[in-house]
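Here the structure is laid out as structure tokens; the discussion comes afterwards.
The values are calculated or read from the model by the stated rules, or taken from the named source; none is laboratory data. On a predicted model such as this, the values are computed, not experimentally measured, just so you know. Using ideal geometry, Cβ is built from the backbone for each residue, glycine included, and neighbour counts are taken over all protein chains shown.
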Amino acid sequence: MIATLTPAATTLPVRRRATREGRGVRWLLTTVAVLFLLGFLVLPLIAVFVEALRAGWGTYVAAIFEPDALAAIRLTLLVAAIAVPVNLVFGLCASWAIAKFDFPGKSVLITLIDLPFSVSPVISGLVWVLLFGTSGLLGPFLAPLGIKIVFAVPGIVLATIFVTFPFIARELIPLMAEQGREAEEAAVSLGASGWQTFRLVTLPNVKWGLLYGVLLCNARAMGEFGAVSVVSGHIRGLTNTMPLHIEILYNEYQSAAAFAVASLLALLGLVTLVIKTLLEWRYGAELAATRRH
Amino acid sequence: MTITVKGVAKEFGGFRAVDDLDLIIHEGELVALLGPSGSGKTTLLRIIAGLEFPDRGQVLFNGDDATARAVGERAVGFVFQHYALFRHMTVFENVAFGLRVKPRAQRPSRPEITRRVHELLRLVQLEGMAQRYPTQLSGGQRQRVALARALAIEPRVLLLDEPFGALDAQVRKDLRRWLRRLHQEMGLTSVFVTHDQEEALELADRVVVMNKGRIEQIGAPAEIYDRPANPFVYEFLGQVNRVPYRGEGNTARVLGRSFALEGTAGDGIAYVRPEEIEISREPRPDSVPALVRHVTALGPVIRIDLDLEGSDPVEVSLPPARWRDLCVTKGDAVHLRPANVRIFPAA
């Protein structure tokens with residue numbers, strides 16, 4: 001029995017628009033939009049791939065399978081694999097608390113969630129140096145224990161988490177607030193426990209918003225440059241992520257290699273977009289039924 | 001299940017939603033909480049359900065203190081104003097929810113759940129709709145899914161928050177009758193919140209009229225309508241003419257007729273229902289002259305607006321047959337005589 005994919009009866013009637021612009025205006029607006037997209041999005045993207053392949057496939061493959069590049073790719077994936085789940089849990093907790101409960105300090109929490117968006121990435125990196133660096137607040141206590149945070153992988157992970165934590169929470173808070181508490185109250189009145197309510201009612205209602213949040217968060221976690229640059233220390237093969245590796249290659253005039261790694265990073269971003277589009281297409285009917293995006 | 005509410009009070013940020021309120025709802029009763037918005041009726045219902053906890057006071061179920069019990073432990077069926085259906089679940093899954101979330105030891109088997117859900121869907125006349133999503137249903141159908149879902153856990157108490165508020169007139173009427181029958185057949189104790197006096201009078205065994213977090217009057221529909229306890233209830237239920245009077249010794253003159261003042265002498269306000277004013281062509285003892293301003297035919301009743309000299313306009317309603325006998329139209333001079341008034345001396 002296919003229960004979940006019944007198309008929703010929400011087809012809107014085709015109707016004539018009251019606001020009919022002249023042919024010229026429409027043509028002009030469409031052209032401006034397309035040209036803008038071409039000039040600012042598609043052209044640079046093509047340039048990346050063209051530059052990457054300019055010296056031929058051999059150089060391209062060599063640049064990517066070079067040990068330092070492989071290390072950078074591994075580190076980037078590792079950081080994203082830690083930062084995204086952490087922010088997923090944090091984003092869910094924060095938005096659940098903010099949208100469903102009233103508590104003192106709620107507005108402060110909402111403001112704090114936006115903090116990473118409003119401060120420069122350099123500062124987002126610097127705070128960790130100030131906290132955990134050798135002359136920082138906590139650094140002197142950790143050093144004797146052999147725990148190294150700044151200029152090491154933990155620092156990069158912390159900086160990435162800091163920079164990317166608003167993405168999921170920001171996506172979920174308005175969604176959960178709009179949905180209100182009634183469905184949860186109904187579940188609880190029917191005898192569901194808190195965990196059952198969350199798993200069976202809250203989560204399915206926000207799963208699309210959550211997915212978008214995760215995709216955005218992931219894209220940013222892989223691509224973050226500023227904050228990571230401050231805490232990384234740029235140790236080749238150890239603390240270089242893909243964006244840092246690309247910059248180093250570029251500064252050393254190895255532009256073909258730089259663009260090769262850049263194209264891979266761009267590709268990871270494109271894959272994210274493709275997954276999102278595929279999911280939208282696959283579950284379009286269900287999406288329409290649950291009225292969101 | 002007898003529900004006792006004892007001295008319950010609840011504040012929201014300084015606003016007293018429910019103010020030291022006592023109420024007993026007897027086993028098998030169908031009770032309406034009636035009042036204007038902000039009167040605390042929904043808060044009281046949510047306190048009984050366990051969705052809201054009182055600042056003071058107790059809620060007893062069959063004499064046991066249930067105040068600290070969570071909503072899930074009270075075994076009450078709650079129907080929300082906007083239904084609160086799970087929109088990512090089919091009608092079947094919505095109704096089955098309360099059975100599926102039971103602890104393993106108490107959970108019915110899969111075939112048993114299927115059987116019970118279909119039985120409930122038959123009860124609410126939605127048998128063919130099991131695989132639909134809530135967005136594919138009409139308002140009345142959603143309301144019945146919400147009811148079936150609440151009934152699935154076999155509650156002894158059914159609580160409904162403005163159950164017919166969002167429905168159109170005809171659907172509302174059908175659902176009212178149907179709910180009444182359901183309540184009787186299942187032997188439930190039911191409480192519903194409404195701001196619609198007609199709904200409360202038609203459906204309930206007893207009506208609790210609320211205002212500003214307090215109970216103004218409790219009684220059977222006929223009692224509430226015929227003998228309102230105070231001006232608020234008078235004005236909230238049905239149409240009424242407010243006629244200020246001047247006390248003259250121990251009597252008050254209302255629309256030409258004298259009524260004895262019991263207790264307090266002095267000025268005040270008299271309340272006269274439109275159907276309790278007699279209208280005639282010829283003057284009679286104790287009648288006052290009036291001028292017909294407007295006649296409105298509302299089907300089963302004819303409403304006549306009249307102007308009086310030295311007094312506010314008055315509304316009278318008549319059965320159509322009586323109106324045809326009288327044959328009054330706009331601009332006619334007639335005479336009025338109140339058959340029955342309620343006098344509330346000025347405080």
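Among the residues of segment A:1-58, how many are in a loop (DSSP other than H, G, I, E, B), surrounded by 11 or more Cβ atoms within 10 Å (Cβ to Cβ) and modelled with pLDDT of 55 or more?
Total meeting the criteria: 3.
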Scanning segment B:144-161 for residues that are in contact with a helix residue (DSSP H, G or I) (Cβ under 8 Å, 6 or more places away or on another chain) and among the basic types (Lys, Arg), the one nearest to B:Leu120 (Cα to Cα) turns out to be B:Arg149
Exercise for the section: Test B:Ala200 against the criterion of being under 22 Å from B:Val101 (Cα atoms) and touching a residue at least 40 places away in the same chain (Cβ under 8 Å), and give yes or no. Expected result: no
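Considering only residues that are part of a strand (DSSP E or B) and touching a Phe, Trp or Tyr at 6+ places or on another chain (Cβ under 8 Å), look in segment B:318-347 and name the one that is surrounded by the fewest Cβ atoms within 10 Å (Cβ to Cβ).
Selected residue: B:Phe344.
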Going through segment B:7-38 in order, the residues found to be surrounded by 19 or more Cβ atoms within 10 Å (Cβ to Cβ) and either hydroxyl-bearing (Ser, Thr, Tyr) or assigned to a strand (DSSP E or B) (or both) are B:Val8, B:Lys10, B:Ala17, B:Val18, B:Leu21, B:Leu23, B:Ile25, B:Leu30, B:Val31, B:Ala32, B:Leu33, B:Leu34
Matching residues in segment B:97-119 (within 27 Å of B:Glu52 (Cβ to Cβ), more than 8 Å from chain A (Cβ to nearest Cβ) and within 32 Å of the chain's Cα centre (by Cα)) number 1
Here the residues within segment B:176-196 that are within 19 Å of B:Leu45 (Cα to Cα) and among the small types (Gly, Ala, Ser) are B:Ser190
Residues of segment B:120-153 being within 12 Å of another protein chain (Cβ to nearest Cβ), over 21 Å from A:Glu185 (Cα atoms) and basic (Lys, Arg), in sequence order, are B:Arg132
Inset, instruction - Say whether the condition of being of a type in the set (D, E, K, R), surrounded by fewer than 22 Cβ atoms within 10 Å (Cβ to Cβ), over 16 Å from A:Ala63 (Cβ atoms) and more than 14 Å from every other protein chain (Cβ to nearest Cβ) is met by at least one residue in segment A:280-292. - result: yes
Matching residues in segment B:165-195 (part of a loop (DSSP other than H, G, I, E, B) and either surrounded by 23 or more Cβ atoms within 10 Å (Cβ to Cβ) or touching a residue at least 60 places away in the same chain (Cβ under 8 Å) (or both)) number 5
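Say we look at segment B:284-304 and pick out the residues that are of a type outside the set (Asp, Glu) and outside any strand (DSSP E or B); which of these is farthest from B:Ser317 (Cα to Cα)?
Per the stated criteria, the residue is B:Pro285.
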**Item:** Any hit, segment B:40-53, residues being among the charged types (D, E, K, R), more than 27 Å from B:Glu119 (Cβ to Cβ), out of contact with any Leu (no Cβ under 9 Å at 6 or more places or on another chain) and more than 12 Å from chain A (Cβ to nearest Cβ)
**Value:** no
>> Take the conditions aliphatic (A, V, I, L, M), in contact with a helix residue (DSSP H, G or I) (Cβ under 7 Å, 6 or more places away or on another chain) and modelled with pLDDT under 95 and apply them to B:Leu33. Does it pass?
In response: no
The helices (runs of 4 or more DSSP H) lying wholly within segment A:171-229 that contain at least 2 residues that are more than 30 Å from A:Val261 (Cβ to Cβ) and facing chain B (nearest Cβ under 7 Å) are A:182-189, A:203-223
Across segment B:54-74, the tally of residues that are surrounded by fewer than 17 Cβ atoms within 10 Å (Cβ to Cβ), small (Gly, Ala, Ser) and within 14 Å of another protein chain (Cβ to nearest Cβ) stands at 1
Over segment A:247-268, the set of residues more than 19 Å from the chain's Cα centre (by Cα), free of Cβ contacts under 8 Å to residues at least 12 places away in the same chain and farther than 21 Å from A:Ser232 by Cβ is A:Tyr253
Taking segment B:259-283 and keeping only residues that are surrounded by 14 or more Cβ atoms within 10 Å (Cβ to Cβ), at pLDDT 80 or above and part of a loop (DSSP other than H, G, I, E, B), one is left with B:Arg273, B:Pro283
Expected single match for modelled with pLDDT under 90 and either in contact with a Pro (Cβ under 6 Å, 6 or more places away or on another chain) or of a type outside the set (Gly, Ala, Ser) (or both) among B:Leu137, B:Leu158, B:Leu123 is B:Leu123
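A quick yes/no check of all residues on (1) in contact with a Ser or Thr (Cβ under 7 Å, 6 or more places away or on another chain); (2) under 27 Å from B:Arg180 (Cβ atoms); (3) free of Cβ contacts under 8 Å to residues at least 12 places away in the same chain:
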| site | (1), (2), (3) |
| --- | --- |
| B:Asp19 | no, no, no |
| B:His26 | yes, yes, no |
| B:Leu44 | no, yes, no |
| B:Arg56 | no, no, no |
| B:Val59 | yes, yes, no |
| B:Val79 | no, yes, no |
| B:Asn94 | no, yes, no |
| B:Ala105 | no, no, yes |
Scanning segment B:33-89 residue by residue, those touching a His at 6+ places or on another chain (Cβ under 9 Å) and not hydroxyl-bearing (Ser, Thr, Tyr) turn out to be B:Leu34, B:Gly35, B:Pro36, B:Lys41
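Aliphatic (A, V, I, L, M) and in contact with a His (Cβ under 9 Å, 6 or more places away or on another chain): does that describe B:Ile304?
The answer is yes for B:Ile304.
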